[in-house]
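A short worksheet on the structure shown next.
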Amino acid sequence: MLSRKVWHVTPRISQEASQKLAPFSPLAAQLLHNRGITDLPGAEAFLGWDERLLEDPLLLPDIGIAISRLQRALLDGEIIGIFGDFDADGITGTALLAEGLENLGGKVIPYLPHRVKEGHGLSSQAVQAMHEQGVTLIVTVDCGITSPVEVAEAASLGIDTIITDHHTPLPEVPAALAIVNPKLSSSVYPFPNLAGVGLAFKLVQGLSEHMGKPWDERLLQLAALGTVTDVTPLVGENRYIVAAGLRSMNADLKHGLKELLRLGGQADSVLDTESISFVLGPRLNAPGRLEHAMSSYNLLRASSHEEAVPLAKELDRMNRERQELTSKALDDAAGQIDQSLPSDHLIFLWNEKFTPGIVGLLASRLVDQYYLPAVVVALDGDLGRGSARSIPEFNMASALEECGDLFIRFGGHPRAAGFIIQKERLPDLRERLTIIARRELAHLSLQPTINIDAHVRLTSITGANFQFFQQLAPYGEGNPAPVFITKGVKVMDAMRLGAQGKHLRLRLKHGGALWNAMAFGQGEAWQDKTDFLDVVYSVGLNQWQGQESMRMIIHDFRLAERPSGA
């Protein structure tokens, strides 16, 4: 029952800091303080997640130019091409922008590229195809900032381009009519962490307000989907987008999403960020990984139950196929990994058996398993299409930029990135990334860390404190669900569940409180006849068939040094 994870407990809030949050309980004040909220106005804004969190869209770079050009296109009846990326962020952003512009009377043609045939970013093939359909204005979603050649080609054909992209710009930016990106060095926008779909929403919001027309709040359903699946921080403006989007979903869910939830076994559940992350997101991403992302776009735009049903079934089928391919790829990857791997401080694999749609998932699984940066490349003839995932200690985007001369195309974030490269250059890339990883990581003791909000007794996480935990939601990146530690918990009952006893169900007692708990994926760590544990966990609501109950999810556990409060 040995855990590799480091337990890091946040220092206790000072008495002075606690007094500034005096109306809240000591535990509630600790949780707010841990999230950088130090006064009552900040707490009110965070817990209220109302429109005060929305920033002024006119502060975004070039948005005035973009709004003027879009308004002219609407008035003149121009055909507007919307080019989005093929992941859930790009798909939802494309659907949101298309719906928002159509609500204003616009004529739009959506375009999502094929992952293998076209790859990430605006392509010459897409520009030509939209030109042939009469497009005179292209708006990109979640991409475009690294496509100067394609933007120039569009201009040569008489097509203006508006780029909306949240990725970090390279030194050379495209000569587009407008670049709406809060990460530009010239930006004064106060919230730089919008997802691609968030920027699409801001463009619709700004255009609608400029034209004196209301924007449809149901657009926030799409914005919430993309924001959560792209793992952007759920603070500030993103907190409003996701919370308001979930509120809209639970009141009047779009037809396609309703069908996806039904197929995922959550037809009667109240939606939250977990529903998006584990039910909706994977199914929306599946077509872009295996076939074509337009299937997901069509589902999001479905206007009736009858239209949505076959589309949802197709997405569900592709998601099952994606799961099978990922499992097989993990087996293939295991054969390439040997005992000397940790000394390299980096996992770097390529294989003809890997497919471009699952290399990112495979890299993520390897990071979880080994706690090392992972690069996985699918071979396609003379090309390699790679995805890279990383740990907090290693900035993958910076590492790839150091190797930029090797790529045909690359880009991404510190924890997730991708590239296209000539197959013959893969050994050079592996060597150079390995050198960078050794430089950055050799002096560190790499162990996954669990950040813990507070030591508590089980009796203190019920009642008013439990209600406060619900107010802190929506949870996600940047605002994780509170994590607690309780020591010396009595084990009343334990049972392994699932295939090969992979999961663990426990009944725990401490200080007179009894809790049912689940420890997913931790069955192998359990030792029979264990009496007392130190447990690290989160609590929440379990909703099933209209019934609600409190639940405990255990993140890690160890043998207790001594019983306490049982």
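The values are calculated or read from the model by the stated rules, or taken from the named source; none is laboratory data. Model, not experiment: these values are computed from the prediction. Here the Cβ is made from the backbone with ideal geometry for all residues, glycine too, and neighbour counts use every protein chain on show.
Per-structure values
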read-out: Any hit, the range 410-423, residues being within 12 Å of W350 (Cβ to Cβ) and outside any strand (DSSP E or B); value: yes
read-out: Condition check for S364: in contact (Cβ under 8 Å) with a residue 24 or more places away in the chain and polar (S, T, N, Q); value: yes
read-out: Helices (runs of 4 or more DSSP H) contained entirely in the range 268-334, each with at least 3 residues that are closer than 20 Å to D252 by Cβ and either modelled with pLDDT under 95 or over 19 Å from the mean Cα position of the chain (by Cα) (or both); value: 305-334
read-out: L426 assigned to a helix (DSSP H, G or I) and touching a Leu at 6+ places or on another chain (Cβ under 8 Å); value: no
read-out: Residues being buried (at least 16 other Cβ atoms within 10 Å of the Cβ), within 30 Å of A416 (Cα to Cα) and at pLDDT 95 or above - total across the range 41-68; value: 7
read-out: Matching entry among A176, A244 (being of a type outside the set (K, R) and within 25 Å of L284 (Cα to Cα)); value: A244
read-out: Condition broken by R262, with the remaining ones in (1) more than 25 Å from I179 (Cβ to Cβ); (2) buried (at least 20 other Cβ atoms within 10 Å of the Cβ); (3) charged (D, E, K, R) satisfied; value: (2)
read-out: Pairs where the first residue, in the range 100-124, is closer than 16 Å to D76 by Cα and the second is in a loop (DSSP other than H, G, I, E, B) and among the basic types (K, R), C-beta under 7 Å, 6+ apart; value: L104/K213
read-out: So F407, is it touching a helix residue (DSSP H, G or I) at 6+ places or on another chain (Cβ under 6 Å) and either on the phi < 0 side of the Ramachandran plot or without any contact (Cβ under 8 Å) to a residue 24 or more places away in the chain (or both); value: no
read-out: Residue in the range 366-381 that is modelled with pLDDT of 90 or more and polar (S, T, N, Q) present; value: no
read-out: Near pairs, Cβ below 8 angstrom, 6+ apart or cross-chain, from the range 240-251 (over 13 Å from V228 (Cβ atoms)) to any residue that is β-branched (V, I, T); value: N250/V270
read-out: Some residue of the range 228-247 being among the charged types (D, E, K, R), at pLDDT below 95 and outside the structural domain of G93 (by TED's automatic domain parsing); value: yes
read-out: One residue from L75, L40, L54, L21 being out of contact with any strand residue (DSSP E or B) (no Cβ under 8 Å at 6 or more places or on another chain) and either of a type in the set (F, W, Y) or closer than 23 Å to P192 by Cα (or both); value: L54
read-out: Test: residue in the range 69-89 that is modelled with pLDDT of 95 or more, in a helix (DSSP H, G or I) and under 25 Å from the mean Cα position of the chain (by Cα); value: yes
read-out: Contacts under 9 angstrom Cβ, first residue in the range 56-72 being in contact (Cβ under 8 Å) with a residue 60 or more places away in the chain and at positive phi, partner among the polar types (S, T, N, Q) and buried (at least 16 other Cβ atoms within 10 Å of the Cβ), 6 or more apart; value: D62/N181
read-out: Restricting the range 533-554 to residues that are out of contact with any Ser or Thr (no Cβ under 8 Å at 6 or more places or on another chain) and modelled with pLDDT of 90 or more, the residue that is surrounded by the most Cβ atoms within 10 Å (Cβ to Cβ); value: L533
read-out: Residues being of a type outside the set (V, I, T) and crowded, with 18+ Cβ neighbours inside 10 Å - total across the range 317-339; value: 6
read-out: Among residues of the range 373-392, those that are over 19 Å from the mean Cα position of the chain (by Cα) and surrounded by fewer than 21 Cβ atoms within 10 Å (Cβ to Cβ), counted; value: 5
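Residue by residue, here is whether (1) surrounded by fewer than 18 Cβ atoms within 10 Å (Cβ to Cβ); (2) over 29 Å from L47 (Cα atoms) holds:
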{"position": "G404", "(1), (2)": "yes, yes"}
{"position": "F407", "(1), (2)": "no, yes"}
{"position": "F410", "(1), (2)": "no, yes"}
{"position": "L444", "(1), (2)": "yes, yes"}
{"position": "P448", "(1), (2)": "yes, yes"}
{"position": "T459", "(1), (2)": "yes, no"}
{"position": "N465", "(1), (2)": "no, no"}
{"position": "P474", "(1), (2)": "no, no"}
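Results for (1) under 21 Å from I109 (Cα atoms); (2) within 18 Å of the chain's Cα centre (by Cα), shown as yes or no for each residue.
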{"site": "V141", "(1), (2)": "yes, yes"}
{"site": "A155", "(1), (2)": "yes, no"}
{"site": "A178", "(1), (2)": "yes, no"}
{"site": "S186", "(1), (2)": "no, no"}
{"site": "N193", "(1), (2)": "no, yes"}
